[in-house]
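S.K.: Just dropping this structure here.
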Amino acid sequence: MANLIKKALFALVAVFAMSGLSSCNYNSLVEKQQGVDQAWAQVENQYQRRADLIPNLVATVKGYASHESETLEKVTLARAKATSITIDADNLNEETLAKYQEAQGELSQALKSLLAVTEAYPDLKANQNFMNLQTQLEGTENRISTERMRYTEAVKDYNTSIKKFPTMIYAGWFGFKEKPQFKADAGASKAPEVKF
């Protein structure tokens with residue numbers, strides 16, 4: 001009888017210990033998931049900041065280079081496409097992130113074309129409004145890189161946590177799923193060709 005009581009007591013202690021461990025792991029995963037969501041919100045904020053700067057930049061360039069309408073139109077269309085794709089942090093997956101990243105990449109390329117066109121207009125390059133917008137755009141691009149890096153770190157921490165034993169058991173029970181990472185832009189592995 002005493003042996004049976006010891007086994008029952010041991011089983012009860014084990015259940016309480018597992019319950020406490022489960023609660024601790026669950027809470028940790030919730031914190032990490034919230035960290036990913038917060039990091040994603042900051043990525044979106046910076047992309048939105050860039051999108052908000054573009055109409056002023058386009059208007060300023062249009063005043064000096066109105067016959068560059070094709071380039072201006074490409075920037076406007078790329079901006080419209082990029083701002084039309086929004087992803088709630090709960091719906092982040094490889095496919096939705098790839099579409100988002102593709103649209104943002106197209107906008108980046110259109111902006112590069114626009115800034116390249118401005119090189120042919122010395123009066124535009126000397127315009128104070130244009131210079132301020134260009135500086136703000138450069139700062140925003142740096143912020144985007146920083147926030148993407150923070151997102152990547154938060155996702156790495158979260159994804160690693162849900163794959164570790166015994167947390168992976170609780171992660172599966174409570175529906176914690178892996179979060180996607182940004183991929184390198186197409187052609188990023190190829191070094192630019194420098195000619196003299």
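No lab work stands behind these numbers, since they all come straight from the coordinates. From a predicted model like this one, the values you see are computed outputs, not experimental measurements. Virtual Cβ from ideal backbone geometry, glycine too; neighbours counted across all protein chains shown.
S.K.: Relative contact order for region 41-173: what is it in percent, counting Cα pairs under 8 Å that are at least 6 residues apart?
M.R.: Details: 81 pairs, mean separation 46.1, N = 133.
Across region 41-173, relative contact order equals 35 percent.
S.K.: Also, quick follow-up: I want to check the label-to-label distance for Asn91 and Thr76. Put each point 7 Å from Cα in the C-beta direction and report it in nm to one decimal.
M.R.: The modelled label-to-label distance comes out at 2.8 nm.
S.K.: Continuing with this model, one more query. Pairs Lys112/Lys183; Lys74/Lys99; Lys99/Lys156; Lys99/Lys177; Lys99/Lys164: which are spaced more than 26 Å apart, C-alpha to C-alpha?
M.R.: Details: Lys112/Lys183 20 Å; Lys74/Lys99 18 Å; Lys99/Lys156 21 Å; Lys99/Lys177 20 Å; Lys99/Lys164 30 Å.
Check vs 26 Å cut-off fails for Lys99/Lys164.
S.K.: Using only Cα atoms, locate the centre of region 60-95 and the centre of region 100-179, then give the distance between them in Å, rounded to an integer.
M.R.: Their Cα centres are 15 Å away from one another.
S.K.: On each of the three principal axes of the Cα atoms of region 41-173, give max minus min coordinate, whole Å, ordered largest first.
M.R.: 64, 23, 18
S.K.: Scan around Asn127 for amide H atoms under 5 Å from its own, H built in the peptide plane at 1.01 Å from N, and keep only partners 5 or more places away or cross-chain.
M.R.: none
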